[in-house]
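Have a look at the structure below before the remarks.
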Amino acid sequence: MILVQETLVDEPVASIDFSCDLKACKGACCTMPGGRGAPLLDYETEEIERSFPSIRKYLSEEHLERIEEAGLFEGTSGDHTTPCYDQRACVFVAYENGIAKCSFEKAYFNGEISWRKPISCHLFPLRIDRDARELVRYEFLTECQPALERGRLEHIALSGFLKDALIRAYGEPWYREFLASCDSWRERRLMANEKVV
């Protein structure tokens, strides 16, 4: 484990190359089976309510009907999620040429809203476990294999790919310390491997 301020970071986060390849995965992270959507922080329910009038035009009739039935979010305080359509796709998915995209992010980049999307979505494939001490961990999904391959091919580290999301979640000073900790961890691993050889 790597300790960054008060947060534990799982070691794979420091070593993985990763860059989303939407043409290959078709936005699979937004359409995972299981029936529970994106985890939400409590304040994000208010952001969803505030943003919904601007994003509803991007949604299909089926998804709007599901929202009418389930509401804009499910669960209770500390355990909210977005609803799903057909036990898979987040109801806020907007499809473009067969690719699942976030309607909040679409509206954000179109200058229609100031909130980008849930932080759990922005950080993916990182997950945050909040127990006695917060843990940031990498979650492997077979559907993300193209992202691992593209990251390796283009030499894009996961830590760099998620720069904006990590700064949004933890702040610039934390991110700088995180990068330094990742560099130190990789150097220690390299030295250990050289000694073994």
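Values quoted throughout were computed directly from the atomic coordinates according to the rules given, and no laboratory measurement underlies them. Quick caveat: nothing in here was measured; it's all calculated off a predicted structure. Ideal geometry is used to build each Cβ from the backbone, glycine not excepted, and the neighbour counts take in all protein chains shown.
Taking θ as phi - 60° and the Karplus parameters 6.51, -1.76 and 1.60, the scalar couplings of segment 7-18 work out to 10, 8, 10, 5, 4, x, 4, 7, 10, 7, 9, 7 Hz in sequence order, x denoting glycine and proline. For the chain, what is the mean residue ellipticity at 222 nm derived from helices alone (per DSSP H run of n ≥ 4: -39500 (n - 2.57); sum divided by total residues; nearest 500 deg cm²/dmol)? Dividing the helical sum by the residues of the chain leaves -13000 deg cm²/dmol.
Amide H contacts for Ser19 (H built 1.01 Å from N in the peptide plane; partners 5 or more residues away or on another chain; cut-off under 5 Å): Leu148, Arg150, Gly151. Give a quick list of chymotrypsin sites (Phe, Trp or Tyr not before Pro) in segment 68-159 that DSSP marks as loop, anything other than H, G, I, E or B, with at most 13 other Cβ atoms within 10 Å. Sparse-neighbourhood loop chymotrypsin sites (Phe, Trp or Tyr not before Pro): Phe140. Taking a ≥ b ≥ c as the square roots of the eigenvalues of the alpha carbon gyration tensor, the chain is prolate, as a/c is not under 1.5 and a/b beats b/c.
Taking a ≥ b ≥ c as the square roots of the eigenvalues of the Cα gyration tensor, segment 119-197 is classed as oblate, since a/c reaches at least 1.5 and a/b does not exceed b/c. Taken about its Cα centre, segment 22-116 carries a charge dipole of about 520 debye when Lys and Arg each add +1 at the Cβ and Asp and Glu each add -1 at the Cβ.
Taking label positions 7 Å along the Cα-Cβ direction at both Arg56 and Arg176, the computed distance is 4.5 nm, reported to one decimal. Computed from label points 7 Å out along Cα-Cβ, the spacing between Thr76 and Ser114 is 3.3 nm. Give, as ranges by residue number, the residues of segment 121-144 whose backbone N falls under 19 Å from the point 7 Å along Cα→Cβ of Arg36. Answer for this model: 121-142. Note on the chain: lysine pairs with Cα distance below 16 Å, sequence gap of 8 or more or different chains, count 8. Of all DSSP beta bridges confined to the chain, the antiparallel ones make up roughly 90%.
Under unit Cβ charges (Lys, Arg +1; Asp, Glu -1), what dipole magnitude, rounded to 20 debye, does the chain have relative to its Cα centre? Mind showing how you got there, number by number?
Working: 25 positive and 34 negative charges, 118 e Å.
That gives a dipole near 560 debye.
Where Lys and Arg each count +1 and Asp and Glu each count -1, what net charge lies around Ile16 among other residues with Cβ under 14 Å from its Cβ?
Numbers: positive: Arg127, Arg137, Arg150, Arg152, Arg186, Arg189; negative: Asp10, Glu11, Asp17, Glu139, Glu149, Glu154.
In short, 0.
Each of Thr45, Ile55, Ala70 was scored by the projection of its Cα onto the charge dipole of segment 22-116, and the greatest displacement toward the positive side belongs to Ile55; charges sit on the C-beta of Lys, Arg, Asp and Glu.
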